[in-house]
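Taking it in order: structure first as structure tokens, then the write-up.
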Amino acid sequence: MLMRVLSQMQIVYRINYQDDRQILMVEREEDVDNVREIFEQLNREGMLPERNQISLYPTSTGEFVRTLRRYPATLSLVVMTLIFFPATFGLSSSDGSLLWLSRLTFVPLAELGGSPIFGTLADVFESGQFWRLLTPMFIHFGILHIVFNLLWVWEVGRRIEVICGAQRLLMLVLVSSLSANIMQYLFTGPSLYGGMSGVVFGLLGYGFVWSRMRPRESLRLPDGIYIAMLVLLLVGFSGMLDLAMVGAVANGAHLGGLLAGLLLGGVSALGGTSDPR
């Protein structure tokens with residue numbers, strides 16, 4: 001009976017047999033709660049055999065690789081960020097490795113007499129180095145910086161990818177990164193800044209608007225996360241974080257990413273299907 005109901009609801013599933021148990025595997029993580037409710041209802045109504053033992057999992061430990069393959073865009077973003085991370089070590093190097101970092105900064109960067117010399121946004125357009133508009137998101141200033149950002153990218157990005165699709169997630173990342181970098185440049189002018197935090201604010205902004213405009217397809221993030229996001233933004237602009245950290249916080253990037261995410265979340269929720277793939 002359960003299998004017939006799942007088929008009618010077009011829920012993709014399969015059954016694995018483990019010892020004397022049947023383990024029901026569902027393709028989409030968001031179907032887990034629905035399937036559990038169906039199972040409990042059928043069980044209460046006595047429409048399932050008494051010996052039927054079903055455990056509900058979105059995946060199994062042995063299928064960890066398969067889980068990663070469900071989020072190609074999110075995983076690719078994480079991997080690319082890790083690949084570019086060594087360029088950050090050029091910050092404290094005098095052997096020419098600054099060249100790697102200088103290819104990722106928002107504006108051209110050179111070193112003269114041990115001091116950094118920055119170009120301007122006009123130099124970027126005149127030289128055709130348009131990748132600089134996006135690549136600061138791959139710059140991270142330490143292990144904690146990159147780990148913190150990538151944990152949020154993985155947690156929020158994969159939720160958006162499952163519900164809205166890889167294409168929309170990638171567009172969100174690109175637009176959030178562009179908006180974050182431009183906003184930070186407007187705030188501070190030519191300077192060294194970077195990190196995925198602007199994109200993270202974009203993802204959270206998107207999730208906030210999307211989840212409220214489409215509650216049935218919510219990202220299911222606790223409201224406390226959105227509150228913490230706003231508090232962090234306000235505290236950042238107060239200057240308190242600058243006193244507690246080494247270096248200045250890219251508040252402009254946070255604001256730019258957030259605004260882009262809020263806008264795209266509204267536009268996406270108003271039109272189209274959930275997953276354009």
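Here are the numbers:
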quantity	calculated
Single match in 148, 125, 141 (criterion: among the hydrophobic types (A, V, I, L, M, F, W, C) and closer than 26 Å to residue 210 by Cα)	148
Filter result (out of contact with any helix residue (DSSP H, G or I) (no Cβ under 7 Å at 6 or more places or on another chain) and surrounded by 17 or more Cβ atoms within 10 Å (Cβ to Cβ)) within the stretch 104-128	119
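Yes/no per residue for (1) at positive phi; (2) without any contact (Cβ under 8 Å) to a residue 60 or more places away in the chain; (3) buried (at least 18 other Cβ atoms within 10 Å of the Cβ):
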| residue | (1), (2), (3) |
| --- | --- |
| 151 | no, yes, no |
| 168 | no, no, yes |
| 171 | no, no, no |
| 191 | no, no, no |
| 200 | no, yes, yes |
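We did not get these values from a lab; they are worked out from the coordinates using the rules stated. Just so you know, these numbers come straight off a predicted model, no measurement behind them. Note that each Cβ is placed from the backbone with ideal geometry, even for glycine, and that neighbours are counted across all protein chains shown.
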